[in-house]
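What follows is a single structure, written as structure tokens, with notes after it.
Every number in this text was worked out from the coordinates using simple rules, so none of it is lab data. Bear in mind the structure is a predicted one, so any value in this text is a computation, not a measurement. All Cβ positions, even for glycine, are placed from backbone atoms using ideal geometry, and neighbour counts span all protein chains on display.
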Number of protein chains: 2
Amino acid sequence: MVDLTHTLSPEFPFLPVEGKTFPFRSSPIATIKGDGVYANRWELTEHVGTHLDAPCHFAEGAMAIEAIPLETLFVPLAVVSIAERVATNPDTTLGAGDLMRWEKDHGEIPARAAVFLHTGWDVRTKEPGAFVNMDGAKTMRFPGFSDKAIEFLLGRRSISGIGIDTLSIDPGRDKEYAVHKELFRAGKWAVECVANLSRVPATGAFVFVAPVKVAGASGAPARIVAVW
Amino acid sequence: MVDLTHTLSPEFPFLPVEGKTFPFRSSPIATIKGDGVYANRWELTEHVGTHLDAPCHFAEGAMAIEAIPLETLFVPLAVVSIAERVATNPDTTLGAGDLMRWEKDHGEIPARAAVFLHTGWDVRTKEPGAFVNMDGAKTMRFPGFSDKAIEFLLGRRSISGIGIDTLSIDPGRDKEYAVHKELFRAGKWAVECVANLSRVPATGAFVFVAPVKVAGASGAPARIVAVW
């Protein structure tokens, strides 16, 4: 059993959107010394830390968090790694060819699977600047899924959702969110900022994706665990 | 597979503590119409909705959320019901005798089990006043665990944690939090505001308890699912 969830804290990196997003905040409302009980209040956006994006994040009228069927959140896990390529090129993306090569080695992606992309990016969360990886022109530079990979997964396989260890399923330099839009139009979910994918087998594991269940939410922090 | 999680919203009832607790709050930071993307920001306390209490909630220096071993969060589930008694007496508690009677019918509580108490209270969440159930003297009136039941579970069985469908594992009229304190001193977790326990078998299911993983948190909203 491996925890694929980062520990969320005020230091955890987040997708910077001027005037919209902010770091996770926590402040005490009671302490053992003063009140005999310890508790905090939080302020956060729906897409901070290891989290799930619901289809309604980009697709008008599509499913919000609470409507995602439980049966699509506890599913076989396929882990595809492009970490070796990422080491020399942060702009690289998962191509349809990568998926076909993976299937040659591991068999067809199982029905209902979650397909998680391991880029090796999760080790950068300890250094927020390196995780967001903004270049001189203020463009983020990190790997992601390509349109072609999503077309393959939606058109030729029967998946429940996808995941990645970076801030976004679209590559960092993308401004159109093409992968998000195509995936959400098809009613599938995505998880972002996944941890520890290097510790999970390419095939044979199950993943349990457990987002907080909030009415009408476009996304939510999630606990994600692989078992095999 | 049954979702034991309530959908959290601003209308969801919460434990009222003057100047400390407040309802769950959500407000939009972006809309599809205005921004091409939909997302919200949240304000909440750690103990709102279906949530987990970590031992550090009452025990100084005890485990916070992120330190709870994953192996104690995916465990056999024992569901004990006192719903029939609650129907005529909201102040009733689970006694050690109830646990012994349960074991006569279903066998010994399995090692590492989570013991969830079904009181039937979850159906009241749609009417916040009835869920908190404050009497004329401002004392909350709802069922809970007794000290004796906790002594039995900690001393004579080997459990991972406990759960209940009310706001607190201690009965509503309690002011000392004796059950919380004894359980947390022993390093066990508790979940509160659990839903749908009437739909889970008394024995034979597994439960997956998935709290949001926040550094140093005394508790956190959790997704809780039973599978069998």
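Placing +1 on the Cβ of every Lys and Arg and -1 on the Cβ of every Asp and Glu, with nothing else charged, gives the protein assembly as shown a dipole about its Cα centre of roughly 80 debye.
Mean partner shielding of peptide B:176-182, defined as the number of other chain Cβ atoms within 10 Å of each residue Cβ, is 1. The alpha carbon gyration tensor of chain B gives principal lengths a ≥ b ≥ c with a/c of 1.5 or higher and a/b greater than b/c, which makes the shape prolate. Which distances, shortest first and in nm, link B:R25 to the matching position in the other copies, using label points set 7 Å out along Cα to C-beta? Distances between equivalent label points, in nm: 1.0. Between the residues A:T92, A:V80, A:G187, the greatest Cα displacement towards the positive end of the dipole of the range A:67-194, with unit charges on the Cβ of Lys, Arg, Asp and Glu, is found for A:G187. Over every Cα atom in the range B:7-130, the radius of gyration and the widest Cα-Cα span, Dmax, amount to 19.3, 61 Å.
Take each residue in A:20-33, count the other chain C-beta atoms within 10 Å of its C-beta, and the mean is 4.
Peptide B:198-209 is shielded by partner chain Cβ atoms: per residue, an average of 1 of them sit within 10 Å of its Cβ. One quarter of the surface of the convex hull around the alpha-carbon atoms of the protein assembly as shown equals 21.8 nm², the direction-averaged projected area. Computed per residue of chain A from DSSP H runs no shorter than four, each worth -39500 (n - 2.57), the mean residue ellipticity at 222 nm is -4500 deg cm²/dmol.
So how strong a dipole does the range B:100-228 carry about its Cα centre when Lys and Arg Cβ are +1 and Asp and Glu Cβ are -1, to the nearest 20 debye?
On the way: 18 positive and 14 negative charges, 38 e Å.
Value, rounded to 20: 180 debye.
Each other residue within a Cβ distance under 14 Å of A:K126 adds +1 if Lys or Arg and -1 if Asp or Glu, for a net charge of -3. Here is the link list: B:K148/B:K188; B:K126/B:K213; A:K148/B:K33; A:K126/B:K33; A:K213/B:K175; A:K181/B:K213. Which ones come out longer than 26 Å on Cα distance? Where the Cα-Cα span goes over 26 Å, the pairs concerned are B:K126/B:K213; A:K148/B:K33; A:K126/B:K33; A:K213/B:K175; A:K181/B:K213. Among residues of chain B, the one whose beta-carbon sits closest to the B-to-A rotation axis is listed with its distance in Å as B:A210, 2. Distances between equivalent label points of A:R156 across the copies, with each point positioned 7 Å along Cα→Cβ, amount to 6.2 nm, shortest listed first.
Placing +1 on the Cβ of every Lys and Arg and -1 on the Cβ of every Asp and Glu, with nothing else charged, gives chain A a dipole about its Cα centre of roughly 160 debye.
Dipole orientation for chain A: of the candidates A:M1, A:I109, A:A62, A:M1 has the Cα lying most toward the positive pole (charges on Cβ; Lys, Arg +1; Asp, Glu -1). Using a cutoff of 8 angstrom between alpha carbon atoms and counting only pairs six or more residues apart, the relative contact order for chain B works out to 32 percent. Only beta bridges with both residues in the protein assembly as shown are counted; by DSSP, about 65 percent of them are antiparallel.
Short to long, the 5 Å bins of the Cα pair-distance histogram for the range B:115-169 hold 4, 18, 24, 20, 14, 11, 7, 2 percent of all pairs. Over all directions, the projected convex hull of the C-alpha atoms in the range A:95-228 averages 8.8 nm² in area. Database remark: amide H of A:G204 closer than 5 angstrom to the amide H of A:L77 (H placed geometrically; neighbours at sequence offset of 5 or more, or on other chains; Pro and chain starts carry no H).
Quick one: if the Förster radius is 41 Å, what FRET efficiency do A:T139 and B:M1 give, using the C-beta to C-beta distance and rounding to 0.05? Provide the component values of the computation, followed by the final result.
Values: r = 42 Å, r/R0 = 1.04.
E between A:T139 and B:M1, to the nearest 0.05, is 0.45.
A dipole drawn for the range B:81-228 from +1 and -1 charges on Cβ atoms has a positive end, and of B:A226, B:L153, B:F131 the residue lying farthest that way is B:A226.
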